[in-house]
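A short reminder: the numbers here are calculations on the coordinates, not readings from a lab. What you see is a predicted model, and the numbers here were worked out from it, not measured in a lab. Ideal geometry is used to build each Cβ from the backbone, glycine not excepted, and the neighbour counts take in all protein chains shown.
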There are 2 protein chains.
Amino acid sequence: MTQIAAPGRYARPEQWPDVDLVDTDVHITPRSLDALLPHLPARWRDYIRESGVTGLESDLYPPGSPLSAIPGSRPAGGPPGSDPDLLRTQLLDAWGTRFAITHCIYGVDGIHNPDWAVAMARAVNDWQLAEWLSGEPRLRGSIVVAAQDPQRAADEIDRVGHLPEFVQVLMPVRARMPLGNRAFWPIYEAAARHGLAIGVYAGGAGGNPITPVGAPSYYLEEYVLLAQAFQAQLVSLVSEGVLVRFPELRIVLIEAGFTWLPPLMWRFDKNWKGLRREIPWVDRLPSEIVRESVRLTAQPLDEPDDPRQLLEVVEALGSDRMLMFSTDYPHRQFDDPVRSAPIGLSTDAMTRFLGGTALETYRLNGE
Amino acid sequence: MTQIAAPGRYARPEQWPDVDLVDTDVHITPRSLDALLPHLPARWRDYIRESGVTGLESDLYPPGSPLSAIPGSRPAGGPPGSDPDLLRTQLLDAWGTRFAITHCIYGVDGIHNPDWAVAMARAVNDWQLAEWLSGEPRLRGSIVVAAQDPQRAADEIDRVGHLPEFVQVLMPVRARMPLGNRAFWPIYEAAARHGLAIGVYAGGAGGNPITPVGAPSYYLEEYVLLAQAFQAQLVSLVSEGVLVRFPELRIVLIEAGFTWLPPLMWRFDKNWKGLRREIPWVDRLPSEIVRESVRLTAQPLDEPDDPRQLLEVVEALGSDRMLMFSTDYPHRQFDDPVRSAPIGLSTDAMTRFLGGTALETYRLNGE
């Protein structure tokens, strides 16, 4: 890796247009499992104590890896992304962020006991409200649900989805089954009812290997091929008719990359023409549905060396209302903040990229 | 689907340069299982008769589907692609084909009993020699092996791999495990020993669902996502070091599409830079290795509507020595033969596409 820029340089580039900046991918996390205990019923506090569970953090961001945290983002006594004051100074103030969309990914989807998962999701949401969202109007949160029990996931969305603090419902890309599956529809119905987006994040404990031919040998392969899970979920959400049945619903693919999307749309459109009778509810080109309903956070950019080729991909998307600025704070995805946006966008497209599209997607325009 | 052109139009377009045409994807198949019996030992003839096996044809090409066969390709008493005379008149003569690379995909990889699989692979190879390859010098065949027993697969390659009639060894893309796995290396070693390519074909009975999140509901999804299996295999073959250990080996992805390849190379290169210490034997950019070692048959084209966008993808491949002309005979992949090549290639690139690259890949230059 190249040297990271000095911390003072982790800030909005001066040459960007002066528009409301919306950061669509910011991670927050509890200092430890203890922070969630006050939000759990006694039954589950006892269960956690008696069974010796120490935490449900994912192992995706090993503390020693330079990608896991930008310098200075680790507070005393907690992991990066666990201190609201630090996030305020290092991210919101430094970048002049108007809104930051936060995600707390805390292993709820990996819990097999559905009642425990439901209780944990509720605790994470109440903790987010108490510790982060109520005190900082620039932060907008994502509702964690236990998709293991879709009806109770919908109940949880109904419980907190009307609050302005929440703008999104999180689902893991590595889910137990394709996300278009009808079992999940109560979740989408509830999200649509409250005008919430569905954020599909780069994680999950579904248990299937990352390839259609079994587990690969190296983490590099896992990382490269994670884009396949997003592609499969997108094809599922379109094919099963979720995006036709809920036309107002916005699907946000978080940390999916996007250069794979034009070829996927070409292939999907072409084969839909031959096989559309299988899915008659998809009554127009899949690419049209994707352009209307799908948004993508931009980091990490799965980019070519040549910025012109990246611009060709952006043009091949066929829409300048799909990509959204993100930092992935506190994870480190770029050394030079200028590289957090495709280089060469028109001022209009850049304005939408930096904030306009996110304001619409998360219905933040009235505020 | 649009109307298919009249059969007389299924021929080489007049405007193409006058070069040796190599068709890299032609399917041949036995009229029935009976055709293979003379090439099997008595033990397995008895086994087939006693167990009531009637055939091992895949169900990928249902007889009633318009894609399964171009008009007139079905002989009396057999499936399309089972009659050498018909193939001669309808394909080789009509197109003026210099060489056609044939594939017989006959379910050998789906057999669980490894001894039966080994015997069937040998029978298919002997049947190909006797019925197709020995009598028609324009045809060059692919060796079928039982990868279920890699050492005996290598033995089979040693048995017939020196014959000029064979230019390739077939492996299924939906294998039981990633193709880079060291268990398969005896196969690659034998192929390299005989100067044979490895052809990875769009099929296989590995048993894993086509997505990393379980089986999708619709065949359309299977079809769109089959490209993911090719991507996973390519990442595996590079990451495990197969293409470094056997630098002369050429991997031909058959019916994989190719528009997904530039974004995959970008993502692979970028992440290799961060994670290369995991696979120190990959000592240069994965994209360099891919460009050197990988070839792709062009049909079916997973193309955008706009031919200029397809040309951008061809340019983003970074090499005009990767794509190879193919008809997929007798399957129907294009209505207008002009559409069997990307439109707008330079004369040089077109010459390589139509034959030059295949002549090199299959070492047919001396003939």
quick shape note, the range B:213-364: Cα extents on principal axes in Å, largest first -> 48, 43, 28
Using the 7 Å Cα-to-Cβ label point, sort the distances from B:Ser346 to its equivalents in the other copies shortest first and give them in nm to one decimal. 3.2
Inter-copy distances for A:Arg291, label 7 Å out on the Cα-Cβ vector, sorted ascending, nm, one decimal, are 3.2
Could you tell me how many cubic angstrom of Cα convex hull volume the range A:22-361 has per residue? 139
If every Lys and Arg gets +1 and every Asp and Glu gets -1 at its Cβ, then about the Cα centre the range A:202-329 yields a dipole, in debye to the nearest 20, of 620
Rounded, prolate or oblate for the range B:160-287? Axes are the square roots of the Cα gyration tensor eigenvalues, ordered a ≥ b ≥ c, and the cut-off for rounded is a/c under 1.5. oblate
Footprinting exposure proxy for B:Leu92, B:Leu56 (fewest neighbouring C-beta atoms within 10 Å first): B:Leu56, B:Leu92
For the range A:301-367, compute Rg over Rh where Rg is the Cα radius of gyration and Rh is the Kirkwood radius from the inverse mean 1/r over Cα pairs. 0.98
Can you give the charge dipole size of chain A about its Cα centre, rounded to the nearest 20 debye, using +1 on the beta carbon of Lys and Arg and -1 on the beta carbon of Asp and Glu? 700
Name the residues of the range B:131-175 whose amide N is less than 15 Å from a point 7 angstrom out from the Cα of B:Arg193 along the C-beta direction? B:150-163, B:169
Footprinting proxy, A:Asp320, B:Asp93, A:Asp23: sorted fewest to most Cβ within 10 Å, the residues are B:Asp93, A:Asp320, A:Asp23
Taking the label point 7 Å from Cα along the Cα-Cβ vector, the copy-to-copy distances for A:Arg31, listed from shortest in nm with one decimal, are 8.2
Helix-derived [θ] at 222 nm for chain B: sum -39500 (n - 2.57) over DSSP H runs of at least 4, divide by residue count, nearest 500? -9500 deg cm²/dmol
Least to most buried among A:Ser346, A:Ser134, A:Ser236, by other C-beta atoms within 10 Å and fewest first, runs A:Ser346, A:Ser134, A:Ser236
Using alpha carbons only, how many angstrom separate the centre of the range A:125-148 from the centre of the range B:315-367? 55
Hull volume per residue for the protein assembly as shown, using the convex hull of the C-alpha atoms, in Å³ is 164
Taking each full run of DSSP H in chain B as one helix, which ones are at least 18 Å long along their axis (Cα atoms) and have mean Kyte-Doolittle hydropathy of at least -0.5? B:114-128, B:219-239
Assigned charges on the beta-carbon of Lys, Arg, Asp, Glu; the protein assembly as shown dipole about Cα centre (debye): 580
The range B:243-265 to the range A:55-79: how many Å between their Cα centroids? 36
